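Readers should treat all values here as calculations from the given coordinates under stated rules, not as data from a laboratory. Not measured: the values here are computed from a predicted model. A quick note on method: Cβ atoms are made from the backbone with ideal geometry, for glycine too, and the neighbour counts reach across all protein chains shown.
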Amino acid sequence: MKIQSIFLLIISIVLVVVSSWNLSVFVRLSDASPQYTNDDQFDSACHVSKKYVKTGKIVSIVMLVLSVILMIGSSVCIYKNNV
């Protein structure tokens, strides 16, 4: 059980890093969208639509929250196994 908890902690840390990186990319894309006058210019310059950026931000936030919860849960399991 201890090995599984450590493995789960490592996986959750990787998920937190990847989710936060994805969120930062979508936030930067969202911040760049007002620089373009219409959606077509943004689509051609960034190769993504504004709707995709909005959806990506929401999914990244959900994944970040879930991975943080998973990381906290696995940390608690490791702590309980060692006490």
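Residue by residue, here is whether (1) more than 20 Å from Ile61 (Cα to Cα); (2) touching a Ser or Thr at 6+ places or on another chain (Cβ under 8 Å) holds:
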position: Leu29; (1), (2): no, no
position: Ser33; (1), (2): no, no
position: Thr37; (1), (2): yes, no
position: Phe42; (1), (2): yes, yes
Completion exercise
Restricting segment 15-27 to residues that are among the hydrophobic types (A, V, I, L, M, F, W, C) and either free of Cβ contacts under 8 Å to residues at least 40 places away in the same chain or under 11 Å from Ser60 (Cβ atoms) (or both), the one surrounded by the most Cβ atoms within 10 Å (Cβ to Cβ) turns out to be Phe26
Exercise for the section: All but one of (1) in a helix (DSSP H, G or I); (2) exposed (fewer than 12 other Cβ atoms within 10 Å of the Cβ); (3) not small (Gly, Ala, Ser) hold for Thr37, so report the exception by its number. Expected result: (1)
Practice task
Restricting attention to segment 40-53, report how many residues are assigned to a helix (DSSP H, G or I) and surrounded by 14 or more Cβ atoms within 10 Å (Cβ to Cβ).
Solution key: 6
